[in-house]
Amino acid sequence: MSLRTQLLSKLRNKEYRDSFVAEYIFSRIPLKIRAMRDRRKMSQKELGEAAGVKQEWISKLEDPSYGKLTIKTLLKLAAAFDCGLSIDFVPFSQILNGATRLAPSSFDVPSFNEDGALEREPTIVAIDLGNGPSLNYYRVPDDSNSAQTIPPKQVDSDISKVTPAKPTPKVTIAA
């Protein structure tokens with residue numbers, strides 16, 4: 001039985017789901033802060049100065065057991081790293097996929113000036129899953145292991161950016 005299948009079975013329990021989401025956030029964010037700081041060859045003190053907080057706070061924020069992350073502090077860190085911050089409500093499938101497809105690249109967030117994907121239009125793929133007369137649309141990110149479903153009304157009207165794909169019941173995007 002795969003890790004994903006095992007987790008999906010456990011996620012059917014509401015209490016487990018709630019704990020899983022909290023753990024996913026409170027363990028992933030500190031690890032990502034540390035990885036981003038290391039990638040930029042910054043000390044905790046240097047990151048603290050750039051974010052306007054003391055080194056001791058950076059140490060706490062990099063500790064997965066701390067658990068007191070605030071949006072205000074995360075915004076300061078995003079500004080210090082010169083990257084975006086996305087806080088959103090998402091379907092459990094996105095969290096499950098993110099948790100089971102972790103790779104070193106998951107923690108490698110480029111700064112604005114290093115973000116080569118800014119100048120490229122995202123690829124949009126239209127896929128006929130055989131479930132009716134309409135197509136399902138997916139935006140295929142350049143730097144992600146998963147595709148995002150796009151409701152048809154949000155798809156760009158420029159049909160040249162939509163690529164029809166062969167009918168298939170499953171879409172897998174390799175890393």
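The values are calculated or read from the model by the stated rules, or taken from the named source; none is laboratory data. Fair warning: this is a prediction, and the values are worked out from it, not measured in the lab. Cβ placement follows ideal geometry from the backbone for every residue including glycine, while neighbour counts extend to all protein chains displayed.
Considering Leu31, Leu7, Leu74, Leu85, which residue is under 19 Å from the mean Cα position of the chain (by Cα) and in a loop (DSSP other than H, G, I, E, B)? Give the derivation first.
On the way: Leu31 fails: in a loop (DSSP other than H, G, I, E, B); Leu7 fails: in a loop (DSSP other than H, G, I, E, B); Leu74 fails: in a loop (DSSP other than H, G, I, E, B).
From the options Leu31, Leu7, Leu74, Leu85, the qualifying one is Leu85.
From Asp115, Asp63, Asp82, grab the single residue that is at positive phi, at pLDDT 90 or above and acidic (Asp, Glu).
Asp82
Give segment 34-59 a look and list any residue that's more than 24 Å from the chain's Cα centre (by Cα) and assigned to a loop (DSSP other than H, G, I, E, B), or say none.
Ser43, Gly52, Val53, Lys54
Pick from Gln6, Gln55, Gln44: which is in contact with a Gly (Cβ under 6 Å, 6 or more places away or on another chain) and either more than 24 Å from Asp115 (Cα to Cα) or not β-branched (Val, Ile, Thr) (or both)?
Just a single option satisfies the conditions, and that option is Gln55.
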